[in-house]
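Notes follow the structure.
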Amino acid sequence: SNEWGFSGTEVSNSQSDVPKEPSSSSETPAASSESQPESQSANAPAESSSQTFSNTFVMPLKGDILNAFSNGKPVKSKTLNEWRTHDGVDIKAAIATPVKSASDGIVTAIEEDPMWGVTITIDHGNGYQTMYMGLNVNVSVKKDQQVEIGTVLGSVGETAEIEIAEEPHLHFAMKKDGEWIDPMSMIQNA
């Protein structure tokens with residue numbers, strides 16, 4: 001019976017091994033804490049994000065600026081006949097002109113906005129986002145696609161009801177940390 005007793009202690013030993021399973025599941029918090037530095041590095045200008053995205057910005061297409069960034073000041077809208085801020089730049093371009101990504105990034109949204117028409121949003125890391133508004137419905141990219149500077153996103157359309165009285169153009173906008181900024185302040189003349 002003493003042997004049985006031993007096997008009993010062996011069982012209790014193997015049971016004392018059971019808490020090691022939670023300790024192995026406590027490795028999952030460790031694993032998740034490993035993934036935390038990654039998410040921090042995505043916010044900080046750390047290796048992964050700065051390697052992936054250069055944050056060099058170029059014009060998404062060549063054309064005259066019809067309406068400049070108003071920097072929060074209201075300007076008269078031809079279409080709406082009212083004063084409102086102009087939070088991007090309007091770049092004159094013929095319908096169907098290819099629109100290119102201004103920088104490396106990831107397509108985070110492709111939306112059909114009732115006011116702004118077909119809009120592509122690209123996240124460039126380091127808090128930068130660009131928006132391409134009033135595109136033709138046939139876009140060339142899909143959500144979550146990684147794009148490079150110069151990747152064709154789509155083409156100029158007339159889907160932006162809010163600016164339909166203007167000449168055909170691309171409404172190009174940029175945000176830094178959620179705030180509208182003047183895209184032209186970031187554009188490096190190639």
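The values are calculated or read from the model by the stated rules, or taken from the named source; none is laboratory data. These numbers come from a predicted model, not from an experiment. With ideal geometry, Cβ positions are generated from the backbone for all residues, glycine too; neighbour counts draw on all protein chains shown.
When you look at Ala93, is it touching a strand residue (DSSP E or B) at 6+ places or on another chain (Cβ under 9 Å) and crowded, with 18+ Cβ neighbours inside 10 Å, yes or no? So that I can check it myself, show each step before the final result.
Details: touching a strand residue (DSSP E or B) at 6+ places or on another chain (Cβ under 9 Å): yes; crowded, with 18+ Cβ neighbours inside 10 Å: yes.
So Ala93 passes the test.
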- Only one of these conditions is not met by Ile162: (1) surrounded by fewer than 21 Cβ atoms within 10 Å (Cβ to Cβ); (2) outside any helix (DSSP H, G or I). Which number is it? (2)
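Can you go through Asp144, Asp113 and tell me which one is over 15 Å from Ile95 (Cα atoms) and modelled with pLDDT of 95 or more?
Numbers: Asp113 fails: modelled with pLDDT of 95 or more.
Matching residue, one of Asp144, Asp113: Asp144.
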- Expected output for the stretch 138-155 (first residue surrounded by 17 or more Cβ atoms within 10 Å (Cβ to Cβ), partner of a type in the set (Phe, Trp, Tyr), Cβ below 9 Å, 6+ apart or cross-chain) is Ile149/Phe57; Leu153/Tyr132; Gly154/Tyr132
